[in-house]
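Worksheet: one structure, shown below.
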Number of protein chains: 2
Amino acid sequence: MCEDHTVLHRDYPNQLCSIANSLEVIGERWSLLIVRDVFNGNRRFGEMQSSLGVARNVLSARLQRLLDEDILERRQYQESPARYEYFLTAKGLDLWPTLIALLNWGDRYSPTPGGPPKLIRHKVCGGHVSERGVCEACGETLTARDAIQVPGPGRAAALAAAAAGESA
Amino acid sequence: MCEDHTVLHRDYPNQLCSIANSLEVIGERWSLLIVRDVFNGNRRFGEMQSSLGVARNVLSARLQRLLDEDILERRQYQESPARYEYFLTAKGLDLWPTLIALLNWGDRYSPTPGGPPKLIRHKVCGGHVSERGVCEACGETLTARDAIQVPGPGRAAALAAAAAGESA
């Protein structure tokens with residue numbers, strides 16, 4: 001029941017607001033993290049399942065919803081059995097400013113030990129990307145295709161801690 | 001059970017990512033719309049309940065979570081019975097770029113008949129605020145306190161349609 005509610009009815013009826021309309025589409029559990037995964041280059045079901053640790057049936061339902069909403073599109077890369085890779089549409093790519101804002105807010109207020117696990121850089125000049133998706137080095141307002149993600153200091157620290165825990 | 005899961009455990013365990021960390025805090029159903037309501041000046045429980053149409057117990061739980069997370073703070077405005085108004089903290093105000101990005105994405109891809117129901121304007125010069133929270137007239141990068149919300153063309157159309165429906 002939890003998982004199906006957004007398919008059966010609107011989460012936010014009577015909300016005369018484009019924020020509510022956005023959350024109808026991407027506010028489900030996992031949906032925005034799936035979009036993030038595709039931004040990060042995890043295009044295949046198995047990669048996403050491994051990255052997210054989400055149940056297969058939930059991931060499958062969320063991917064279908066994102067296809068239905070024209071946020072993702074899929075392209076077959078293998079026959080028998082048929083296998084697909086998922087790509088962001090223009091509508092999906094336009095979620096980048098939302099993700100960048102959430103990333104920066106999380107870095108600031110839910111910091112991970114050792115610093116941000118991920119850093120976003122301007123492809124062309126290597127500058128840091130601000131919470132507004134602007135390159136802090138050259139001042140250009142960026143879109144999804146202008147930016148790359150690189151590991152941040154927090155990622156190395158967290159992976160080291162995880163490795164130490166496993167060997168203990 | 002649906003409503004309590006985020007209190008009982010983390011939604012996105014093992015997600016080494018500040019986007020996931022942000023969604024732990026504000027990704028619950030209704031939470032971001034409550035934050036939006038306070039941005040819009042709906043500071044009292046009854047105003048929010050009326051605006052959102054959400055069950056009282058759900059609203060109460062979400063408000064408590066937002067207080068616990070230091071996104072909202074409350075100030076008593078009446079004794080016996082005690083009544084409170086809710087205000088955004090600095091952490092809550094810093095969700096503005098996320099909300100602006102979601103608002104613009106919704107305006108673009110889930111448009112309401114007649115146009116956007118809300119428009120965001122720069123207080124000082126009246127310029128339109130971009131999806132990056134930048135004034136398109138004067139070029140200033142804005143924060144929550146620099147912007148005001150005004151009814152958009154879609155709001156008038158939707159209210160007129162609702163009134164016509166009620167009188168039919």
- Item | Under-5 Å amide H pairs with A:ALA147, H placed in peptide plane, nonlocal only | A:LYS123
- Note on the structure: Interface B-A: total buried accessible area (1.4 Å probe, Å², nearest 100) of 4800
- Item | Members of A:LYS123/B:LYS91; A:LYS91/A:LYS123; A:LYS91/B:LYS123; B:LYS91/B:LYS118; A:LYS118/B:LYS118; A:LYS123/B:LYS123 lying beyond 26 Å, as alpha-carbon distances in this model show | A:LYS123/B:LYS91; A:LYS91/B:LYS123; A:LYS118/B:LYS118; A:LYS123/B:LYS123
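What's the carbon and sulfur percent of the protein assembly as shown's accessible surface, probe 1.4 angstrom, rounded to a whole number? Don't jump to the answer; show the numbers that get you there.
Values: 8210 of 16270 Å².
Roughly 50 percent, rounded to a whole number.
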- The distance between the Cα centres of the range A:17-47 and the range B:32-103, in whole Å, is 25
- Item | Amide proton proximity set for B:VAL134, modelled H, under 5 Å, gap of 5+ | B:LEU142
- Å² per residue, accessible surface of the protein assembly as shown at 1.4 Å: 48
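Sequence gap at least 6, Cα distance under 8 Å: using those rules, report the relative contact order of chain A to the nearest whole percent. Write out the running numbers ahead of the final one.
Numbers: 185 pairs, mean separation 24.2, N = 168.
After rounding, I find 14 percent.
Using r as the Cβ-Cβ distance of B:ALA160 and A:ILE148, and R0 as 45 Å, what FRET efficiency do you calculate, to the nearest 0.05? Don't skip to the end; give the middle numbers.
Working: r = 47 Å, r/R0 = 1.05.
The pair B:ALA160/A:ILE148 has a calculated efficiency of 0.40.
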- Query: Can you list the residues of the range B:16-44 that have at least 40 square angstrom less accessible area with all protein chains present than in their chain by itself, probe 1.4 Å?
  - Reply: B:LEU16, B:CYS17, B:SER18, B:ILE19, B:ASN21, B:SER22, B:LEU23, B:ARG29, B:TRP30, B:LEU33, B:ARG36
- Taking N as the number of residues in chain B, what value does Rg over Cα atoms divided by 2.2 N^0.38 Å take? 1.14
- Note on the structure: Rg from C-alpha atoms of the protein assembly as shown, normalised by the globular rule of thumb 2.2 N^0.38 Å, equals 1.03
- Task: Can you tell me how much longer the chain between B:GLU85 and B:ALA55 gets when fully stretched, taken as 0.36 nm per residue apart minus their C-alpha distance, in nm with one decimal?
- Result: 8.9 nm
- Item | ³J(HN,Hα) computed for each position of the range B:32-48 - Karplus, 6.51 cos²θ - 1.76 cosθ + 1.60, integer Hz, glycine/proline x | 6, 6, 5, 4, 4, 4, 5, 3, 7, x, 7, 9, 9, 3, x, 4, 5
- With every protein chain in place, the residues of the range B:81-107 shedding 50 Å² or more of accessible area versus the chain by itself (probe 1.4 Å) are B:LYS91, B:ASP94, B:PRO97, B:THR98, B:LEU102, B:TRP105
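Considering only protein heavy atoms, with the full assembly of protein chains and a 1.4 angstrom probe, order A:ILE71, A:ILE148 by accessible area, largest first. Could you put the intermediate results ahead of the total?
Values: A:ILE71 0, A:ILE148 70 Å².
Descending order: A:ILE148, A:ILE71.
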- Residue-ordered couplings for the range B:86-98, obtained by feeding phi - 60° into the Karplus form 6.51 cos²θ - 1.76 cosθ + 1.60 and rounding to whole Hz (Gly and Pro as x), are 10, 10, 7, 7, 4, 5, x, 4, 6, 7, 4, x, 5
- Task: Could you give the C-alpha radius of gyration of the range B:89-159 expressed as a fraction of 2.2 N^0.38 Å, taking N as the number of residues it contains?
- Result: 1.10
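Show that you can apply the helix-only estimate: for chain B, add -39,500 (n - 2.57) for every DSSP H stretch of four or more residues, divide by all residues, and state [θ] at 222 nm to the nearest 500. Don't jump to the answer; show the numbers that get you there.
On the way: 8 runs with 76 residues, N = 168.
So the helix-based figure for chain B works out to -13000 deg cm²/dmol.
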- Query: Considering chain A as a Gaussian network with a 10 Å cut-off on Cα pairs, which listed residue, A:LEU72, A:LEU102, A:LEU59, attains the greatest mean-square fluctuation?
  - Reply: A:LEU102
- Message: Cut-off 10 angstrom, C-alpha nodes, Gaussian network model of chain A. Which of A:TRP105, A:TRP30, A:TRP96 fluctuates the most?
- Response: A:TRP105
- Rounded to two decimals, what ratio of Rg to Rh does the range B:49-125 give with C-alpha atoms and a Kirkwood Rh? 1.05
- Rounded if a/c under 1.5, otherwise prolate or oblate - the range A:88-129, Cα gyration tensor axes: oblate
- Using modelled backbone amide H atoms (1.01 Å from N, in-plane), which distant-in-sequence or interchain residues come within less than 5 Å of B:ARG83's amide H? B:TYR77, B:GLN78
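The values are calculated or read from the model by the stated rules, or taken from the named source; none is laboratory data. Values in this document were obtained by computation on a predicted structure and should not be read as measured data. Because the Cβ atoms are built from the backbone with ideal geometry, glycine has one as well, and the counts that use them run over all protein chains shown. Accessible surface areas use protein heavy atoms only, side chains included; no ligands, DNA or RNA. Shrake-Rupley method; radii C 1.70, N 1.55, O 1.52, S 1.80 Å.
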